Amino acid sequence: MTLDKVTDIYDLQKIARRRVPRMFYDYADSGAWTESTYRDNTDAFEKIKLRQRVARNIDNRSVSTTMIGHDVSIPTALAPVGMTGMQHPDGEIHAARAAEKFGVPFTLSTMSICSIEEVAKATSKPFWFQLYVMRDRGFAADLIGRAKAAGCSALVLTLDLQILAQRHKDVKNGLSAPPKPTIANLINLAFKPAWCLGMLQTQNRSFGNIVGHVKGVEDMSSLGDWTNSQFDPTLDWESVEWIKKHWDGKLILKGVNDVEDAKIAAKLGADAIIVSNHGGRQLDGAAATIDMLPPIVDAVGDQIEIHLDSGIRSGQDIFKAIALGAKSTFIGRAFVYGLGAAGEAGVTKALQLLKKELDLTMALAGETDINEVGYQNLLTPPATARKVFVPKAKPEAKAPAKPRAKPAAAKPAAAKSKTAAAAKTTAKRTTARRKPASKKTES
Ligand SMILES: Cc1cc2nc3c(=O)[nH]c(=O)nc-3n(C[C@H](O)[C@H](O)[C@H](O)COP(=O)(O)O)c2cc1C
């Protein structure tokens, strides 16, 4: 299948499966243990039903908004994905360039193949950097310094991976970067000529932010063992404060999927949280993020900007997340499959698909501005929505003090437009979700 025949993210996934070496395709398309949370993340989106509104003027629509004050062409950002450069040679650079041109943020993982400096060299706009905190705090400080020096405009601190959960396929495949020359790998690579050719043409074949920067780390062949020996299991809220001070810039806390944690994160004064369960890759059995979004919005939606990831495979999923109170979203596999399928062009295709699906959903739901989308677009708004946002019944319009000479001569056109205006006002009121208290970050 060629890119012009691709109609949705799942088509890109099919192409990626053919082009990407098995161990890296499996690395992306897997969750922890039974993968129940991985499945729930997408299933939960499907269960949400939308209201179909008709006979509304849906011309001139806009799906652009802001994320922590940055303008975005659609409400999404590319999530940090480790080993992106193994899905496609120089994958981080391809993805960052596609994101830059499309007008959405790219987030570089600590566990990337291309280093912070390589990506900065290959792009012209600031990207975001995701931090994993290692036991060696000196190294964490060093990474923060490198991200600052590269001009990164936000730090995404991941809180849900102090230790690595088990993904069975990675163990069975002996996941490593680069792949070890075992017979099984060599046979598999023989069927991936484009990938092999690309890899031969780049020097970026191992963890660019780590190898050569941490003393004694030359071999990361057992990623699981390495991660569990290096990542800091003592990372707590005090550590988050330390990082916040050290970074002294826009900070997004990733991996919050619980109301109490969201409250602590909001108190701490971060710029945003990402309601995330790591795409179902960490705590198997955790709730789908879209199910956790309403109580979190109810608890802290007026204090902090809320983003959501895990399970987004279409623009309609983005619409649902926004309708449920998220300001924006992040996508992981949706762009990874595009990258595996066709590098930069594949990521662009993924973003185009999401934009088209988002716009079409918004139009058919009777809305024209993504910033106005809210609970009124859901067939069944969450219980918290009824408690907080249901607009008060309007008082009956008072009769004019002095009766007009000809009260019966009401103009039908004017009456119609008034009804339309009133309908619009009601829609706007219902939309008014809790927004971050401070507008200082909005540009
Ligand atoms: C292959 C893969 C690698 C990932 N690596 C990281 C990482 O290095 N750092 C991080 O914070 N999250 C990582 N994540 C989680 C993503 O940032 C994001 O939370 C998740 O992919 C969202 O779910 P989705 O893939 O269903 O969109 C990874 C996800 C995948 C699929």
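Odds and ends about this structure:
- Residue list for the range 119-140, restricted to those being more than 16 Å from the ligand (Cβ to nearest atom) and modelled with pLDDT of 95 or more: ALA120, LYS121, ALA122, THR123, SER124, LYS125, PRO126
- Scan the range 168-189 for residues that are part of a helix (DSSP H, G or I) and under 27 Å from ILE252 (Cβ atoms) and the total you get is 1.
- When ALA96, ALA28, ALA44, ALA79 are checked against the criterion of being surrounded by 16 or more Cβ atoms within 10 Å (Cβ to Cβ) and more than 30 Å from ALA122 (Cα to Cα), ALA44 stands alone in meeting it.
- In the range 99-109, of all residues being within 20 Å of MET86 (Cβ to Cβ) and crowded, with 24+ Cβ neighbours inside 10 Å, the one that is farthest from the ligand (Cβ to nearest atom) corresponds to ALA99.
- Filtering the range 348-368 to residues that are of a type in the set (Val, Ile, Thr) and in a helix (DSSP H, G or I) leaves THR348, THR361.
Yes or no, residue by residue, for (1) over 20 Å from GLN166 (Cα atoms); (2) at pLDDT 95 or above; (3) part of a helix (DSSP H, G or I); (4) β-branched (Val, Ile, Thr):
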residue: ILE243; (1), (2), (3), (4): yes, yes, yes, yes
residue: HIS246; (1), (2), (3), (4): yes, yes, yes, no
residue: GLY255; (1), (2), (3), (4): no, yes, no, no
residue: ILE264; (1), (2), (3), (4): yes, yes, yes, yes
residue: LEU283; (1), (2), (3), (4): no, yes, no, no
residue: ALA286; (1), (2), (3), (4): no, yes, no, no
residue: ILE290; (1), (2), (3), (4): yes, yes, yes, yes
residue: PRO294; (1), (2), (3), (4): yes, yes, yes, no
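- Only one of the numbered conditions (1) in contact with a helix residue (DSSP H, G or I) (Cβ under 6 Å, 6 or more places away or on another chain); (2) away from the ligand (no atom under 16 Å from the Cβ); (3) more than 30 Å from LYS192 (Cβ to Cβ); (4) not in a loop (DSSP other than H, G, I, E, B) is not met by PHE45, and that is (2).
- Residue in the range 255-264 that is touching a residue at least 40 places away in the same chain (Cβ under 8 Å), over 15 Å from the mean Cα position of the chain (by Cα) and under 30 Å from TYR10 (Cβ atoms) present: no
- So ASP271, is it more than 14 Å from the ligand (Cβ to nearest atom), touching a strand residue (DSSP E or B) at 6+ places or on another chain (Cβ under 6 Å) and of a type outside the set (A, V, I, L, M): yes
- Here the condition is being under 23 Å from the mean Cα position of the chain (by Cα), more than 27 Å from GLY280 (Cα to Cα), within 16 Å of the ligand (Cβ to nearest atom) and not in a strand (DSSP E or B); of ALA165, ALA147, it holds for ALA147 alone.
- If the condition is being small (Gly, Ala, Ser) and away from the ligand (no atom under 13 Å from the Cβ), then the range 76-98 contributes ALA96, ALA98.
- The residue that is surrounded by the fewest Cβ atoms within 10 Å (Cβ to Cβ), among those in the range 302-359 that are farther than 23 Å from GLN130 by Cα and touching a Phe, Trp or Tyr at 6+ places or on another chain (Cβ under 7 Å), is LEU358.
- Selected residue (only one of THR66, THR37 is away from the ligand (no atom under 11 Å from the Cβ), of a type in the set (Ser, Thr, Tyr), at pLDDT 95 or above and not in a loop (DSSP other than H, G, I, E, B)): THR66
- For the range 15-34, filtered to residues that are of a type in the set (Val, Ile, Thr) and away from the ligand (no atom under 15 Å from the Cβ), the residue that is farthest from MET1 (Cα to Cα) is THR34.
- Qualifying position, being more than 17 Å from LYS349 (Cβ to Cβ) and in a loop (DSSP other than H, G, I, E, B), among VAL104, VAL54: VAL54
- Residues of the range 7-34 satisfying the condition of being under 22 Å from the mean Cα position of the chain (by Cα) and assigned to a loop (DSSP other than H, G, I, E, B): THR7, ASP8, ASP29, SER30, GLY31, ALA32
- In the range 188-241, the residues that are of a type in the set (Asp, Glu) and at pLDDT 95 or above: ASP236, GLU238, GLU241
The values are calculated or read from the model by the stated rules, or taken from the named source; none is laboratory data. None of these values were measured; they are calculated from a predicted model. Positions of Cβ are backbone-derived with ideal geometry, glycine not excepted, and every protein chain shown enters the neighbour counts.
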